[in-house]
1. Grab the strands (runs of 3 or more DSSP E) fully contained in segment B:232-305, keeping just those with 1 or more residues being in contact with an Asp or Glu (Cβ under 6 Å, 6 or more places away or on another chain).
2. Does segment B:219-240 contain any residue that is more than 30 Å from residue A:251 (Cα to Cα) and in contact (Cβ under 8 Å) with a residue 60 or more places away in the chain?
3. Show me the strands (runs of 3 or more DSSP E) found entirely inside segment A:110-194 where at least 2 residues are under 15 Å from the mean Cα position of the chain (by Cα).
4. Which of the numbered conditions does residue B:151 fail, given that it passes all the others? Conditions: (1) within 14 Å of chain A (Cβ to nearest Cβ); (2) of a type outside the set (Phe, Trp, Tyr); (3) surrounded by fewer than 21 Cβ atoms within 10 Å (Cβ to Cβ).
5. Residue under question is residue B:91, and the condition is that it be over 29 Å from residue B:273 (Cβ atoms), in contact (Cβ under 8 Å) with a residue 60 or more places away in the chain and not small (Gly, Ala, Ser); does it hold?
6. Could you list all residues from segment B:265-281 that are within 12 Å of chain A (Cβ to nearest Cβ) and open to solvent by 10 Å² or more (accessible area, probe 1.4 Å)?
7. Given the condition open to solvent by 40 Å² or more (accessible area, probe 1.4 Å) and either assigned by TED's automatic domain parsing to the domain that holds residue A:76 or on the phi > 0 side of the Ramachandran plot (or both), answer yes or no: does some residue in segment A:179-187 qualify?
8. May I ask you to list the residues in segment B:6-35 that are part of a loop (DSSP other than H, G, I, E, B) and either within 9 Å of DNA strand C (Cβ to nearest atom) or in contact (Cβ under 8 Å) with a residue 60 or more places away in the chain (or both)?
Protein chains: 2
Amino acid sequence: MPVPVTTKDVARKAGVSQATVSRVLNNHHYVNEETRQKVLKAIKELGYQPNIIARSMALQKTHALGLMVSDLTNPFYSELAKSIINRAKELGYNVIIYNTDTEDVQATYLDFLQQRRVDGIIFTSVELKDSKVEKLVKAGFPCVFCNRRLKLKTSSFICSDNKKGAKIAVKHLINLGHKHIGYISGPNNYSTALERLEGYIETVREHGLHVDNQLIKQGYFNNDYAYSATRELISIPNPPTAIFVSNDLMALAAMEAVLDAGLRVPEDIALVGYDDIKISGHKLIQLTTVAQHMETMGRLAVDELVQMLSRDGGRQKPVHKFLEPELIIRETCGYRLAKK
Amino acid sequence: MPVPVTTKDVARKAGVSQATVSRVLNNHHYVNEETRQKVLKAIKELGYQPNIIARSMALQKTHALGLMVSDLTNPFYSELAKSIINRAKELGYNVIIYNTDTEDVQATYLDFLQQRRVDGIIFTSVELKDSKVEKLVKAGFPCVFCNRRLKLKTSSFICSDNKKGAKIAVKHLINLGHKHIGYISGPNNYSTALERLEGYIETVREHGLHVDNQLIKQGYFNNDYAYSATRELISIPNPPTAIFVSNDLMALAAMEAVLDAGLRVPEDIALVGYDDIKISGHKLIQLTTVAQHMETMGRLAVDELVQMLSRDGGRQKPVHKFLEPELIIRETCGYRLAKK
DNA sequence: ACATTTTATGAAAGCGTATTCAGATATTCA
DNA sequence: TGAATATCTGAATACGCTTTCATAAAATGT
């Protein structure tokens, strides 16, 4: 390992005090130009690199953000994470990433995080109620919720307008003539699931259709559940002719379930997803879906968090942003059929 | 923000010195059981959480690993990253993730990293030659290369046996009767591209076939390139009947190119990918591919890096691991046809 | 020309922890 | 019983940086 060069070494070499070196590094005023040059020269010659940890210690900030992701291999989350990482870098922050497949993992991570390893946290997959996380927010620890939000009103979040997203999706199906529309999603303790369900129900009602509980499947946010729920839906006595699935990955699984049952998409069962992950646009998939703007969502979340950090102490009122969803019409709803 | 509780506070409450609190926290021997209990009680009552930054400062280790990823939205990398993050957590390490779409970004990150923000780095997408990275390795900074490796022999890496992977893929195509096989990949300054090319060429030769440079396309590791290269390949005078594409994402793009040209997969053009990302197994895709074991690769990389950290000072000889690739036969090579 | 302000710099303190050093008490051994 | 050893704990120091405090020199104002 290279011997680390410290400000002290630089100071000795430049013939000044260590404090002066620090002043040069931090662009303090009141540093003589000549002195500054001497110091810069010494820094260069010694290849000095500041020790971030020591700086963090002195400043009481880490310049690192925590990022909680429930499943990084879901393209929705990896796109979101990428956006967050890139924006954080632009603003001079590092991102420590936590994969929280299970809830207890998130809990242990939270303990970690209170050890002042990060200045703030972005949650991408929080439950509506989570006492540990709520405690964190109430204690004033800077948190921003992205994609999924906490019920707690005092918390800031950047989410898709899920209700609206669901509405435009379901409305599209109804306009195509579907009267019997299934809904597959995760549990209602997630804002995404709850709000999309509300949008689904509201739209069905608005069009004078009956809300049939048999058509509503709320289990888990994973492919296996989507697959089995689809199989169940298509085998009930009066099966749906279309299914709105709460995310693209699950919609892909639903698609397999339909095909495995010997039915066709969209002729027998139409499908709409949510997210618009890249693969949904593939020529062989062509999934109709509600697009989310992961890039924007991630960027805004970082911006908001960094803002919170800079106005430390003076707590502002929380920010609540709902991004506009957009229906992407492809072929799994019978677009081609409708065109004909 | 909650007022942070320090060891000093705990010490005062427990009526002992700060040093003793530290001893209790670190399970030092020579601490009276009664004292230990007093301290533990105070810790609990005050809700003390150690300050990781201060600890890092004292110990001169951050307990954080850097992870360089070229494109987190490529499922191959997100699966790899997930594995790395999870394994690191198991071993008590945090992961700071760096997205390096462009090379200059990686360079600026490297400067960051020398600021002792992390104890070591895992590179997943290094070039064979990269003077900045080589300098880091030569300076003794703990680095492990995962997936792609450096040419530098003194560096440790965990990679797929890319040559072998290419060989089994191409052999499979040849066994199916293909005599004219295209190859699409990224530039040869990446070990993955180079080794797979070697495997391709060697296998073609071994089977007495002619290596036709017209069939070899080496441009960039991205979808646009894969698409256009495919279009080019299928429009040359004597076009290939099969194409080996260097990764699944690119193979998916190649598939679109074939279909857009009005040809069929696999009847007109057979395709093999590399990686076996999840979507490749989807019912509508069914891409034949060479599987990599991202989970294992990531885990081993972390294990190796953490080992390097523990045996600090005493530099061991570098570890070179080639993981066994595995051919996953699906339908894009005419498996169904072959079966008939 | 003297008081005041501005500019410039070093010494020292502080961030929160781990650890060394030294001393005190208790225990063991001959 | 005295010496050697083991057990326990507090004071002090170090980690590398930022920043306050103090002080000195230079510039400015009247």
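The values are calculated or read from the model by the stated rules, or taken from the named source; none is laboratory data. None of the values given here were measured: they were computed from a predicted structure. Please note: Cβ atoms are built from the backbone with ideal geometry, for glycine as well, and neighbour counts cover all protein chains shown. Heads up: the accessible areas ignore ligands, DNA and RNA and are worked out on the full protein's heavy atoms, side chains in. Shrake-Rupley method; radii C 1.70, N 1.55, O 1.52, S 1.80 Å.
1. B:270-275, B:288-291
2. yes
3. So the answer is A:120-123, A:143-146, A:156-160.
4. Unmet condition: (1).
5. In short, yes.
6. Result: B:265, B:278, B:279, B:281.
7. Checked against the condition, which is being open to solvent by 40 Å² or more (accessible area, probe 1.4 Å) and either assigned by TED's automatic domain parsing to the domain that holds residue A:76 or on the phi > 0 side of the Ramachandran plot (or both), segment A:179-187 yields no hits at all.
8. Residues satisfying the conditions are B:6, B:17, B:26, B:28, B:30.
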